[in-house]
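Chemist: Before anything else, here's the structure in question.
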Amino acid sequence: MTEGAWQTAALRIYAALFYLFLYVPILVLIVLSFNDSPAMGFPFMGFTTKWYSNVLAGGELVAAMTNSVLIGVVSAFIATALALLTSLGLRHRFLMKGVVFPIILIPIVMPGIVSGVLLLVYIGISGVPYGLWTAVLPAHITWVLPFAFLTLHPQISRFDYALEEAAMDLGAKPFEVFTRVLFPIIRPALIATLLFSFTISFDEFIRTLFVISVDRTVPIYLWVLIMDRVVPFLPAIGVVLMTISMLIAGAGFVLSQRSPSR
Amino acid sequence: MDAAKTSSIRGILLVLPSMLWLLVFAIIPIVVLLCMSTWTSTMFGIERTWDLKNYVTIVSDSVYATILLRTARIAVIATLLSLLFSYPLAMFLVSMKGRTRSLFLLLMFLPFWSSYVVRSFTWLPVLGRAGLINQTLMSLGIINEPIEWLVFNEGAVYVGLVYVYTLFMVLPIFLSLDRIDPQVLEAARDLGGKPYQVFMKVIWPLSLPGVWSGCVMVFLISVGAYVTPQLLGGTQGTMIGNVIATQFLNTNNWPLGSALSIVLIVMVAVLFAIVGRRLGLKQLFLGERA
């Protein structure tokens, strides 16, 4: 074999091992979710789907799921709207334009644990009650905003401004330009951004943990169960959560690939 | 009004909502945290003492110094391990073409579309006493007793951090490798460059923007980690994130917790000051060339 062929073979073997590392823990989780054993772990004691019926029968997961979906949808819409306005604004020239990008990135650059306690202290001091809509929603919008912006901004800055100018020259008002020219073109990118934003909110944990009260989101519900360490249906919950996130994000991925501006 | 001025006003009005939002929910909270870090927790609640006592405690008490050093060490090592494991995979992805490449990229993304709580937690049934590794080794007769040191220590934190955040390393490296013009590599080979020479003198330098971007992201996430060390680290793998959380959730010392958070923010700011001199933010986060 030539040196190049060795290199290719070595890379392929390495990639096989890497993907094994990536998927073995997930496969373990799936296998254990069907394991008929009161303790979480091996050996495999027989096949059962009772953990799934346990998970779905318990009202707690359904309640947590409802909270997560509501918060996810609302924060995805608000964050995407804010990101869209910002991306549109950045196509104009104005004073201090340079500060917009660094400010948008603050929530990403801030270490997760600090973002969590930041809002805990802030809300504690300002006297607003902790809870889903008063604290978790703002925390999620703040966290999702930079991701929505980073997804949307490249698509919009690539958009040919001449098309809008042409529409304006023909007498269209700015709002009409948006609804009739810009919006149809960026719609796939917007939908993709909404879906990605939703999954980021849906999976959010550390920024939620500190400001939540009695109404739990799904990751918090999962965390409480993990901390209790007595529940054999943990793998089943993990698999359910993973499936939901993957399906939604997968849809977002497919839509972003179809985006005509690519 | 002239067109430039209208355009400028329109621009400001459009970016204003998100800027105001972040002022209220990101910038002002940091100021509040800074204030809180100068107050003192007493038996009767929090006193607004406006002093640096909490910072003195952090510097003088060896417990905090140890944890801070360990956190920096874990974050640096996790970043380097992640780079070591991710770089060859990025090279593999770049060597793939068309549909195969899309498939492997999708397989790379798929696990990352689920919560990192789930992804950290999956290592417990792999590394634990009744986990995959121990039970496999025992059923093969290689060991008689489960190996205890697989989990609840610093090593398990490395496994967890590399696993949970490797996409943030693979992706930027893949993107910068993908941008290298194949003709450049061909020229290097035609001029007699051996594979390792081509790698060291051409591929590696050209991939540096992606390497930096990945390293910054992984370091950033690792240094503020809470879930992974909490689940897999045991007492030996405790990081600053866990200590900060304890101040708020258990010992109820908000001012000290705030001061520790400020120290963590400063650590991250120093990183950005160093790396930001080499690369712009846009390059780090959007992959644009500075």
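Chemist: Within the stretch B:106-135, track down each residue that is closer than 14 Å to A:Ile237 by Cβ, within 7 Å of another protein chain (Cβ to nearest Cβ) and modelled with pLDDT of 85 or more.
Modeler: Matches in the stretch B:106-135: B:Val117, B:Val118, B:Phe121, B:Thr122, B:Pro125.
Chemist: Restricting attention to the stretch A:101-120, does a residue exist that is more than 8 Å from chain B (Cβ to nearest Cβ) and free of Cβ contacts under 8 Å to residues at least 60 places away in the same chain?
Modeler: no
Chemist: Can you name the helices (runs of 4 or more DSSP H) wholly within the stretch A:100-210 that have at least 3 residues being farther than 18 Å from A:Leu70 by Cα and among the β-branched types (Val, Ile, Thr)?
Modeler: Qualifying helices (runs of 4 or more DSSP H): A:100-109, A:112-126.
Chemist: In the stretch A:25-57, how many residues are closer than 26 Å to B:Arg101 by Cβ and facing chain B (nearest Cβ under 7 Å)?
Modeler: Qualifying residue count for the region: 2.
Chemist: May I pose another question? Show me the helices (runs of 4 or more DSSP H) entirely contained within the stretch B:125-231 in which 2 or more residues are out of contact with any strand residue (DSSP E or B) (no Cβ under 7 Å at 6 or more places or on another chain) and under 19 Å from A:Val28 (Cβ atoms).
Modeler: In the stretch B:125-231, B:132-139, B:154-165 are the helices (runs of 4 or more DSSP H) which contain 2 or more residues that are out of contact with any strand residue (DSSP E or B) (no Cβ under 7 Å at 6 or more places or on another chain) and under 19 Å from A:Val28 (Cβ atoms).
Chemist: If only one of A:Leu17, A:Leu22, A:Leu11, A:Leu70 is within 12 Å of chain B (Cβ to nearest Cβ), in a helix (DSSP H, G or I) and within 24 Å of the chain's Cα centre (by Cα), which one is it?
Modeler: Just one listed residue meets the conditions, A:Leu22.
Chemist: Something else about it: Working only within the stretch B:86-104, note down all residues that are part of a helix (DSSP H, G or I) and charged (D, E, K, R).
Modeler: Residues satisfying the conditions are B:Arg99, B:Arg101.
Chemist: Sticking with this structure for a sec: State whether the residues of the stretch A:79-101 include one that is surrounded by fewer than 24 Cβ atoms within 10 Å (Cβ to Cβ), within 22 Å of A:Pro219 (Cα to Cα) and in contact with a Ser or Thr (Cβ under 6 Å, 6 or more places away or on another chain).
Modeler: No; the residues of the stretch A:79-101 include none that is surrounded by fewer than 24 Cβ atoms within 10 Å (Cβ to Cβ), within 22 Å of A:Pro219 (Cα to Cα) and in contact with a Ser or Thr (Cβ under 6 Å, 6 or more places away or on another chain).
Chemist: What residue, of A:Val181, A:Val224, A:Val231, is in contact (Cβ under 8 Å) with a residue 12 or more places away in the chain, closer than 26 Å to B:Leu124 by Cβ and more than 8 Å from every other protein chain (Cβ to nearest Cβ)?
Modeler: Sole residue among the options that is in contact (Cβ under 8 Å) with a residue 12 or more places away in the chain, closer than 26 Å to B:Leu124 by Cβ and more than 8 Å from every other protein chain (Cβ to nearest Cβ): A:Val231.
Chemist: Could you tell me how many of the residues in the stretch A:164-218 are closer than 26 Å to A:Thr142 by Cα and acidic (Asp, Glu)?
Modeler: Qualifying residue count, the stretch A:164-218: 3.
Chemist: Take the residues of the stretch B:82-93 that are touching a residue at least 40 places away in the same chain (Cβ under 8 Å) and touching a Phe, Trp or Tyr at 6+ places or on another chain (Cβ under 6 Å): which is nearest to the other protein chains (Cβ to nearest Cβ)?
Modeler: B:Leu89
Chemist: Additional query: Filter the helices (runs of 4 or more DSSP H) completely within the stretch B:1-81 down to those with at least 3 residues that are facing chain A (nearest Cβ under 7 Å), under 30 Å from B:Trp254 (Cα atoms) and under 28 Å from the mean Cα position of the chain (by Cα).
Modeler: Where helices (runs of 4 or more DSSP H) fall fully within the stretch B:1-81 and carry at least 3 residues being facing chain A (nearest Cβ under 7 Å), under 30 Å from B:Trp254 (Cα atoms) and under 28 Å from the mean Cα position of the chain (by Cα), they are B:3-22, B:28-36.
Chemist: Do the conditions hold for A:Leu32, that is, is it on the phi < 0 side of the Ramachandran plot, at pLDDT 85 or above, exposed (fewer than 15 other Cβ atoms within 10 Å of the Cβ) and not β-branched (Val, Ile, Thr)?
Modeler: Against the criterion (on the phi < 0 side of the Ramachandran plot, at pLDDT 85 or above, exposed (fewer than 15 other Cβ atoms within 10 Å of the Cβ) and not β-branched (Val, Ile, Thr)), A:Leu32 does not qualify.
Chemist: Out of A:Met65, A:Met40, report the one residue that is closer than 28 Å to B:Val126 by Cα, aliphatic (A, V, I, L, M), part of a helix (DSSP H, G or I) and touching a residue at least 40 places away in the same chain (Cβ under 8 Å).
Modeler: Matching residue, one of A:Met65, A:Met40: A:Met65.
The values are calculated or read from the model by the stated rules, or taken from the named source; none is laboratory data. All figures in this text were calculated on a predicted structure; none of them were measured in a lab. Note: ideal-geometry Cβ built from the backbone for every residue, glycine included; neighbour counts use all protein chains shown.
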